[in-house]
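Written out below as structure tokens is the structure these notes cover.
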Amino acid sequence: MKQFLFARIPSICICFTGIILGSLVTNLLTGWPVSPFPFQLLGWIVVCQGIDWLLSHLDFQRWLHYCLVEGIILYVVSLPAALAFHWATVSVESIVAYSLIFLAVYLLLIWYFRRRQQLLAQELNQLLQERQQQA
């Protein structure tokens, strides 16, 4: 599981991003039509990372509070972006679908990073216990 969380998932994400960006650059250079969606998405992800970075400087009492504040802010920022970039339309069905997808992706990301932290903490605790036993 640790190998999957620490190596495979990031590797898949990095490879996918590299392939998509390489394809976009190739298409731009060869004159093939290019959708603005990947550029919009990349910009939105960078903005979300900036928001996450800013929030990391605040002192939250609990990890859950951080997740709730981050999720609400990201949703409030991303819904207007989704409407502006036409990722969703101004209809109840579209906004509900977008909201459910946002929630599912956000919960998956929370689980992923929380699980990584737990595995790191277990490894560090095990190393500390081994050192204490040796001393």
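The values are calculated or read from the model by the stated rules, or taken from the named source; none is laboratory data. Please read these numbers as outputs of a predicted model, since none were measured by experiment. Here Cβ is always computed from backbone atoms with ideal geometry, including for glycine, and neighbour counts include all displayed protein chains.
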Among the residues of segment 111-131, is any surrounded by 11 or more Cβ atoms within 10 Å (Cβ to Cβ) and under 26 Å from Phe37 (Cα atoms)?
yes
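Just to be sure before I move on: is Gln122 in a helix (DSSP H, G or I) and more than 23 Å from Trp63 (Cβ to Cβ) in the structure I sent?
Details: in a helix (DSSP H, G or I): yes; more than 23 Å from Trp63 (Cβ to Cβ): no.
In short, no.
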Can you work out which of the residues in segment 33-43 that are part of a helix (DSSP H, G or I) and without any contact (Cβ under 8 Å) to a residue 40 or more places away in the chain is nearest to Ser23 (Cα to Cα)?
Pro38
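Residues checked against (1) within 12 Å of the chain's Cα centre (by Cα); (2) exposed (fewer than 12 other Cβ atoms within 10 Å of the Cβ); (3) assigned to a helix (DSSP H, G or I):
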| residue | (1), (2), (3) |
| --- | --- |
| His57 | no, yes, no |
| Leu64 | no, yes, yes |
| Gly71 | yes, no, yes |
| Pro80 | no, yes, yes |
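Looking at segment 82-97, which of the residues that are within 22 Å of Gly50 (Cα to Cα) and part of a helix (DSSP H, G or I) is nearest to the chain's Cα centre (by Cα)?
Step one: filter segment 82-97 for residues within 22 Å of Gly50 (Cα to Cα), giving 82-85, 87.
Then keep just the ones that are part of a helix (DSSP H, G or I); that gives 82-84.
Details: Ala82: 16, Leu83: 20, Ala84: 21 Å.
The selected residue is Ala82.
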Those residues of segment 1-19 that are at pLDDT 85 or above and surrounded by 13 or more Cβ atoms within 10 Å (Cβ to Cβ) come to a total of 1
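Return the residues of segment 29-38 that are closer than 30 Å to Phe102 by Cα and exposed (fewer than 13 other Cβ atoms within 10 Å of the Cβ); say none if nothing qualifies. Give the steps one after another, and end with the answer.
Filtering segment 29-38 down to residues closer than 30 Å to Phe102 by Cα leaves 33-38.
Residues satisfying the conditions are Pro33, Ser35, Pro36, Phe37.
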